[in-house]
Amino acid sequence: MFITDIRKEFYDVVVNQRVALLVSSDIDALCACKILQALFHCDQVQYTLVPVTGWQDLGTAFLEHKEQFRYFVLINCGANVDLLETLQPEEDSIFFICDTHRPVDVVNVYNDTQVKLMIKQDDDLGVPSYDDIFRDEEEEGGDDSGNESDGGSEPSGKRRRYDEGEVERRIERQRATREWEGRRREILFDYEQYEYHGTSAAMVIFELAWVLTKDTKDMLWWAIIGLTDQWVHDKITHMKYVTDIATLQRHVSRHNHRNEDEDNSLSIDCMRISFEYDLRLALYQHWSLFESICNSSYTSCNFKLWSMHGQKKLQEFLADMGLPLKQVKQKFNSMDMSVKENLREVIEESSNKYGMKDIRIQTFGVHFGFKNRFLASDVVHAAAALLESTEKDDSPGDNFIKALDCLSRSNLERLHGGIDLAKKKLMAIQQTVASCICTNLILSQGPFLYCYLLEGTPDVKLFSKPMALTLLCKYLLKAFVRSTRNKRCKLLPLIIAAPMDVEKRTVIVLGIPPESETSDKKNFFGRAFEKAAESTSSRTLHDHFDTSIIELKMEDRTKFLDALITLLS
């Protein structure tokens, strides 16, 4: 059931209880978790934090904690399947779900007792009405069995006529039931066909903090990072992003206005959030401008940097800006002030000549004290790199804690460490994209494009992680669309597969919708993967909270793909 008053129906209920927080492994969920933790600290609410990476994890975490806890808060997991069917809880367990995954499962929507959805109603959810998908038992059963034993003494002719009427009525009822079931299947198919994302969980929890008048600048910054994560990983449409940015901008103005009169607005440990119209260059303030242009998908796809012609074009672009190579190739912090002063304007002007009309994007920046300045996207890249770190001895739990730590302003060293990891990750993605394009690894399979990363590929271990593989997949499709001459291929979706676990011989498979400016970001691969796996009895594991990411046995790859081609043709 949807919660209408988040304060009364959620916060006031859990504020005197012990709560289990089950948090999915993505940046938006981490930010929502930070805001909720801060609120719980304010009110001294006891809670246990459990990171979960998939459905199996969620099931295990629930089994371990169901004895001690009645209240479970699920962040960015649990909305898109029938939760009670999956977890089989006792009748007194209550689940509060704050999840961006759509569509929301209809059983969760219409369960009034145990499942409470903290989901914004203004996302056009399009949930089918109750009567279209559920029928009461009495309606279905009808009264078939009532009239058989009590008419023994009546004349047989009368009884036969009566029976004929009864048979007709029963046939009519069965026909109506069949029709209703057919209609129900259609309605549910239309509703569940595409997977997409709604309002960021961090924004929903921030609005709770605001309603409670307990919102701080830190919480607002986390809400901004949660939204930016959706933009960086391309989960929401540009329109949705701009609308949500405007909402957050009002909160930023309110906080800045509130602090104008205070004496500490220039103290060494103060925090200032500002709205920026900044460049779409990844991490450029913590890198050299040259490296950033080479490793940002927007610029590298526009210049086609994997080709000699593209490299030449980049040199022309730098010359057009009038920036000396010595300046462009050194760390951004060390560039001359005279160069840095109007850098954004200079870059924008030259970008327009080279067809990059929207090199600038609305976003937010933060100053911690005098020295440290970060853009929201810097923090997203850093936290994602820490969360999916492939260092030898890190467990997923350790990575989760590190990524959570880097969001606190008291832990700037960790954030800088994350930024260094993120640079390596972006370089690995660019190199992989270049090698896939240059060696023609992307094949057209009819209804979709397909790319398989071979086992010996450099950095292949990095791409066994969902977020890194998603970024690679999005960059790769952009690059392919820019480089191919085949018009039909430009309109196709892309499926990418990468080795997941060499010992178990499994691959991770991910599908993304076609690349277009007006795309609604709705992904149909989740249902298609399920159907293809069913029809070929391939050994798959649908463990990820995003249904468009699955694990598959290497031996079953060919038959699974053949089934997908047949299904989508």
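The values are calculated or read from the model by the stated rules, or taken from the named source; none is laboratory data. Note that the structure is a prediction, hence the values are computed from the model and not measured. Please note: Cβ atoms are built from the backbone with ideal geometry, for glycine as well, and neighbour counts cover all protein chains shown. Only protein heavy atoms, including side chains, enter the accessible area calculation; ligands, DNA and RNA are left aside. Shrake-Rupley method; radii C 1.70, N 1.55, O 1.52, S 1.80 Å.
Below are the figures for this structure:
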item	result
Residue match in the stretch 370-391 (condition: outside any strand (DSSP E or B) and over 30 Å from Leu58 (Cα atoms))	yes
Qualifying position, being modelled with pLDDT of 90 or more, closer than 27 Å to Thr216 by Cα and β-branched (Val, Ile, Thr), among Ile94, Ile35, Ile6	Ile35
Qualifying residue in the stretch 339-357 (condition: out of contact with any Asp or Glu (no Cβ under 6 Å at 6 or more places or on another chain), surrounded by 15 or more Cβ atoms within 10 Å (Cβ to Cβ), hydroxyl-bearing (Ser, Thr, Tyr) and in a loop (DSSP other than H, G, I, E, B))	yes
Selection within the stretch 67-124 - of a type in the set (A, V, I, L, M), assigned to a loop (DSSP other than H, G, I, E, B) and open to solvent by less than 30 Å² (accessible area, probe 1.4 Å)	Ala79, Val104, Met118, Ile119
Among the candidates Phe374, Phe370, residue that is under 14 Å from Cys406 (Cα atoms) and of a type outside the set (D, E, K, R)	Phe374
Filter pass, Glu316 being farther than 17 Å from Arg373 by Cβ and either among the hydroxyl-bearing types (Ser, Thr, Tyr) or modelled with pLDDT of 90 or more (or both)	yes
Test: Leu49 is open to solvent by 10 Å² or more (accessible area, probe 1.4 Å), outside the structural domain of Ala384 (by the TED database) and closer than 23 Å to Thr216 by Cα	yes
Filter result for Ser464 (crowded, with 19+ Cβ neighbours inside 10 Å and under 24 Å from Arg505 (Cβ atoms))	yes
Top-ranked residue of the stretch 506-521 - restricted to ones that are in contact with a Pro (Cβ under 9 Å, 6 or more places away or on another chain) and over 22 Å from Ser444 (Cβ atoms), ranked as surrounded by the most Cβ atoms within 10 Å (Cβ to Cβ)	Thr506
Count - residues of the stretch 272-324 that are more than 20 Å from Ile419 (Cα to Cα), open to solvent by less than 40 Å² (accessible area, probe 1.4 Å) and touching a His at 6+ places or on another chain (Cβ under 8 Å)	1
Condition broken by Asp229, with the remaining ones in (1) without any contact (Cβ under 8 Å) to a residue 60 or more places away in the chain; (2) open to solvent by less than 10 Å² (accessible area, probe 1.4 Å); (3) acidic (Asp, Glu) satisfied	(1)
Members of the stretch 3-22 that are over 11 Å from Met118 (Cβ atoms), open to solvent by 80 Å² or more (accessible area, probe 1.4 Å) and part of a loop (DSSP other than H, G, I, E, B)	Asn16
Of residues in the stretch 181-210 being in contact with a Lys or Arg (Cβ under 7 Å, 6 or more places away or on another chain) and either open to solvent by 70 Å² or more (accessible area, probe 1.4 Å) or among the aromatic types (Phe, Trp, Tyr) (or both), the one farthest from Phe10 (Cα to Cα)	Tyr194
Matching entry among Ala479, Ala422 (being out of contact with any His (no Cβ under 8 Å at 6 or more places or on another chain) and either under 29 Å from Leu30 (Cβ atoms) or surrounded by 15 or more Cβ atoms within 10 Å (Cβ to Cβ) (or both))	Ala479
Residues (open to solvent by 60 Å² or more (accessible area, probe 1.4 Å) and part of a loop (DSSP other than H, G, I, E, B)) located in the stretch 125-139	Gly126, Asp136
Which listed residue, of Asp244, Asp215, is under 26 Å from Phe96 (Cβ atoms) and in a helix (DSSP H, G or I)	Asp244
Lone qualifier among Asn399, Asn411, Asn372 - being under 21 Å from Ser24 (Cα atoms) and either surrounded by fewer than 23 Cβ atoms within 10 Å (Cβ to Cβ) or modelled with pLDDT of 95 or more (or both)	Asn399
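For every residue, the table says whether it meets (1) open to solvent by 20 Å² or more (accessible area, probe 1.4 Å); (2) aliphatic (A, V, I, L, M); (3) modelled with pLDDT of 90 or more.
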position	(1), (2), (3)
Thr470	yes, no, yes
Asp501	yes, no, no
Glu530	yes, no, yes
Asp543	yes, no, yes
Glu551	yes, no, yes
Leu568	yes, yes, no
